[in-house]
Amino acid sequence: MTEEESEERTCNLSVMLSGYGGIQTWYDAKVGLRRQMTLLGRINDPHRAPFGDIDGHFPDSAFHNQTARLNIYSPVDPAWLDEIRTSLGDSDACGCVAVRAGVEPDRFEIEGEVVEAAPVTVRLDMSADAFEAIQRQAADANDHNRIMWAKVALSGVAVPETDSHFTFLKDLDVSTAEEYAVTGFEIFDTRYFDHMRGRVLQVEQNRDEGYGAYISVLLTEARYEMHTERALIHAISCEGRVINSRGKPYDGANVSIEFREFEPNQLEGLSKRAFFGRFGYWPKQPSEVHSSHQFTFNLHYVPDDARDLLVPILCQQHSTQVVLTINLTKEEKDLLAVTDKMWGDIRHYSFEVRQDILNKA
C-alpha cells in the first residue's frame, strides 16, 4: 500500500470539551520556550450501530462517552513530528492520538484515592499564532460556561480500510493499544450554555434510602477573610440557630458553620458527584464538657461561589433574614434517638432570603 493510499484513510474523533486546564510554560534547551494547554472532554460517537446488528443486538461504541485529554504544544517540535510521521505513516501529521486497549481508563492510586487517566490522549504541536487563538477561545468558553467541540482527523496506517467512504470509530480495532496520526484539528463553540458546567452534583439516593432530615438555620452572624494580593475570599463561617423544628429537642440549638471549597483531584478536577459536606450533632445540653454549639456544619462550594454567591447572600441589610436549609443523610428519627455525638454527610443545602417590603406610598 502506498503512502498516498494510507493518507486517504481518515476517521473523525469528536470530543465535547468541558474542562480547560490552563497553560503551563517551561524552557527546553533544544526547542526553547515551550507552552502546553490541556483540554478535557468526552467523546461523542454517533455511529454506534443505532439499528442493531444482524442478530438484533445494539452494541455500544467502545469510544462513546469515554474521557479524552487534549495536550496542545507550541512551538512545534520538529524532531518529534518527524518521528511520528515516520512511525504512523502520514507525512502531513501534526500530532497523534493514543488509545488504550479496550478504550479503558488507566486506574491507579494517589494518596489512597483511586483516580482514572483518560483512555484517549491527543497530542498536537502547532504554531504560536494557532496556539494563542485556541487558548483565547477556550478561556472565553470556560469563563462563560460554554461547551466547545473539537474534531480530530485520525489518519495513518493504523486506520483500517472499509467499504464505505468514511472510517468510523466503531471500525477501529480496540483489542490492543494503538496510535494514530492526526492530520486535521478543528475546535468550535456550539453557543450552548451549560449552567451545570463547573458544578458538583449531589450524590444520588439509593432506592432503600429515605429523604433525610432537613435542618433550617437562621443565620445571625457571618465572617470571612480576603487576601487582597490574590483577590481571594476564604475562611467563610457563620453562626445561627435552628428554627422551624416544631418543638423537637434541637429546636433553637446553636449552630456553627464553616464553608470550604471542594478539593479537586490532580487529574480529573472536581468530582462529578459528591456529598456537600459533613455535620456533627450533640444532643446534650451545654455544659463544661459539651460545647454550646449543638450542630456544626462543614459545607462545600466550588471556587467561584465565594465571590459570586456566598458573600453576596451573607452581606444583607439589617432588615433581611437569611435562612440556610441543610439536607442531612441521617433521618429525623436518627437525630431523636441518638444519645451521644453523631456525625454524618450532607446531601445538599440551599438559601432563602427574607426581606421586608417597604410601602412608601
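The values are calculated or read from the model by the stated rules, or taken from the named source; none is laboratory data. Since the model is a prediction, treat every value here as computed from it, not as a measurement. All Cβ positions, even for glycine, are placed from backbone atoms using ideal geometry, and neighbour counts span all protein chains on display. Calculation scope for accessible area: heavy atoms of the full protein, side chains included, ligands and nucleic acids excluded. Shrake-Rupley method; radii C 1.70, N 1.55, O 1.52, S 1.80 Å.
Miscellaneous remarks
- There is at least one residue in the stretch 82-99 that is open to solvent by less than 60 Å² (accessible area, probe 1.4 Å) and in a helix (DSSP H, G or I).
- Pairs where the first residue, in the stretch 145-167, is open to solvent by less than 30 Å² (accessible area, probe 1.4 Å) and β-branched (Val, Ile, Thr) and the second is in a loop (DSSP other than H, G, I, E, B) and modelled with pLDDT of 85 or more, C-beta under 8 Å, 6+ apart: VAL159/LEU172; THR167/VAL159; THR167/PRO160
- Of everything in the stretch 231-266 that is part of a loop (DSSP other than H, G, I, E, B), touching a residue at least 24 places away in the same chain (Cβ under 8 Å) and open to solvent by 40 Å² or more (accessible area, probe 1.4 Å), the residue that is farthest from GLN294 (Cα to Cα) is GLN266.
Yes/no matrix, rows are residues, columns are (1) touching a Phe, Trp or Tyr at 6+ places or on another chain (Cβ under 7 Å); (2) in a strand (DSSP E or B); (3) polar (S, T, N, Q); (4) closer than 24 Å to THR25 by Cα:
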{"residue": "GLU116", "(1), (2), (3), (4)": "no, yes, no, no"}
{"residue": "ILE147", "(1), (2), (3), (4)": "yes, yes, no, no"}
{"residue": "LYS151", "(1), (2), (3), (4)": "no, yes, no, no"}
{"residue": "VAL159", "(1), (2), (3), (4)": "yes, no, no, no"}
{"residue": "ASP163", "(1), (2), (3), (4)": "no, no, no, no"}
{"residue": "ASP173", "(1), (2), (3), (4)": "no, no, no, no"}
{"residue": "GLY184", "(1), (2), (3), (4)": "no, yes, no, no"}
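- Inside the stretch 297-315, residues that are touching a residue at least 12 places away in the same chain (Cβ under 8 Å), in contact with a strand residue (DSSP E or B) (Cβ under 9 Å, 6 or more places away or on another chain) and over 23 Å from ALA253 (Cβ atoms) make up a count of 7.
- Only residues that are open to solvent by 40 Å² or more (accessible area, probe 1.4 Å) and either more than 12 Å from GLY102 (Cβ to Cβ) or among the small types (Gly, Ala, Ser) (or both) were counted in the stretch 170-189, giving 10.
- Test for SER271: is it in a loop (DSSP other than H, G, I, E, B) and either in contact with a Pro (Cβ under 9 Å, 6 or more places away or on another chain) or exposed (fewer than 12 other Cβ atoms within 10 Å of the Cβ) (or both): yes
- Total residues in the stretch 2-53, condition of a type in the set (Ser, Thr, Tyr), more than 20 Å from ASP171 (Cβ to Cβ) and modelled with pLDDT under 85: 2
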